[in-house]
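Engineer: I'd like to ask some things about the structure below.
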Amino acid sequence: MQTLHELGEAVAAHRKARGLRQQAVAELAGITAESLSRFERGRGAEFGARKLLAVLAVLGLELDITPSGQAGTLDELRRERNAS
C-alpha cells in the first residue's frame with residue numbers, strides 16, 4: 001500500500017470480513033464511527049497514528065513496514081491478491 005486511501009480500503013475489507021460494524025470497531029478503538037468511516041473512504045486526512053494503531057489492534061492486525069518495491073513472501077502475495 002502506498003496511499004492512505006489504499007490503507008483505509010484494506011482496513012474496511014478486513015473489518016467487513018470479520019463481520020464487524022464500524023460503530024463497534026470505533027467504540028473499541030476509542031474513536032468516533034464518523035472518523036473511522038472517513039478513514040475507510042480515504043477522506044481521513046486527520047486520522048493519526050494513534051487512531052490507526054488502535055483500529056488495527058481491534059481488528060487483530062499489525063502494521064508492517066516494507067521497503068517500496070520489494071516483493072513479499074509467497075504467502076503475503078497470496079493474501080494481498082485475495083484481499084483485492
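The values are calculated or read from the model by the stated rules, or taken from the named source; none is laboratory data. Since the structure is predicted, the reported quantities are computational estimates derived from the model, not experimental observations. Glycine gets a Cβ as well: all are built from the backbone with ideal geometry, and neighbour counts include every protein chain shown.
Engineer: For segment 40-53, which residues satisfy the criterion of being crowded, with 19+ Cβ neighbours inside 10 Å and within 20 Å of E80 (Cα to Cα)? Let's see the steps before the verdict.
Structural biologist: Residues of segment 40-53 that are crowded, with 19+ Cβ neighbours inside 10 Å, as a first pass: 40, 44, 47, 51-52.
Those that are crowded, with 19+ Cβ neighbours inside 10 Å and within 20 Å of E80 (Cα to Cα): E40, L52.
Engineer: Considering each of L56, L63, L36 in turn, give the residue that is closer than 25 Å to R81 by Cβ and surrounded by 14 or more Cβ atoms within 10 Å (Cβ to Cβ). Before you say what the answer is, go through the steps one by one.
Structural biologist: Details: L63 fails: surrounded by 14 or more Cβ atoms within 10 Å (Cβ to Cβ); L36 fails: closer than 25 Å to R81 by Cβ.
After ruling out the rest, the residue left standing is L56.
Engineer: Among the residues of segment 66-83 satisfying the criterion of being surrounded by 11 or more Cβ atoms within 10 Å (Cβ to Cβ) and hydrophobic (A, V, I, L, M, F, W, C), which is modelled with the lowest pLDDT? Before the answer, list the steps.
Structural biologist: Kept after step one, since they are surrounded by 11 or more Cβ atoms within 10 Å (Cβ to Cβ), are these residues of segment 66-83: 72, 76-80, 83.
Keeping just the survivors that are hydrophobic (A, V, I, L, M, F, W, C) gives 77, 83.
Details: L77: 68, A83: 76.
Here the answer is L77.
Engineer: Looking only at segment 1-22, count every residue that is closer than 17 Å to E80 by Cβ, surrounded by fewer than 16 Cβ atoms within 10 Å (Cβ to Cβ) and modelled with pLDDT of 95 or more and tell me the total.
Structural biologist: Number of matching residues: 3.
Engineer: For the subset of segment 14-64 comprising residues that are β-branched (V, I, T) and in a helix (DSSP H, G or I), which member is nearest to the chain's Cα centre (by Cα)? Steps first, answer last, please.
Structural biologist: First pass over segment 14-64, keeping only residues β-branched (V, I, T): 25, 31-32, 55, 58.
Next, only the ones that are in a helix (DSSP H, G or I) stay: 25, 55, 58.
Details: V25: 11, V55: 7, V58: 11 Å.
The extreme case among them is V55.
Engineer: Does V25 satisfy being touching a residue at least 40 places away in the same chain (Cβ under 8 Å) and crowded, with 16+ Cβ neighbours inside 10 Å?
Structural biologist: Working: touching a residue at least 40 places away in the same chain (Cβ under 8 Å): no; crowded, with 16+ Cβ neighbours inside 10 Å: yes.
It is false that V25 is touching a residue at least 40 places away in the same chain (Cβ under 8 Å) and crowded, with 16+ Cβ neighbours inside 10 Å.
Engineer: Among the residues of segment 8-49, write down those that are of a type in the set (A, V, I, L, M, F, W, C) and more than 15 Å from G60 (Cα to Cα).
Structural biologist: First, the residues of segment 8-49 that are of a type in the set (A, V, I, L, M, F, W, C): 10-13, 17, 20, 24-26, 28-29, 31, 33, 36, 39, 45, 47, 49.
Once the filter is applied, which keeps residues that are of a type in the set (A, V, I, L, M, F, W, C) and more than 15 Å from G60 (Cα to Cα), segment 8-49 yields I31, A33, L36, F39, A45, F47, A49.
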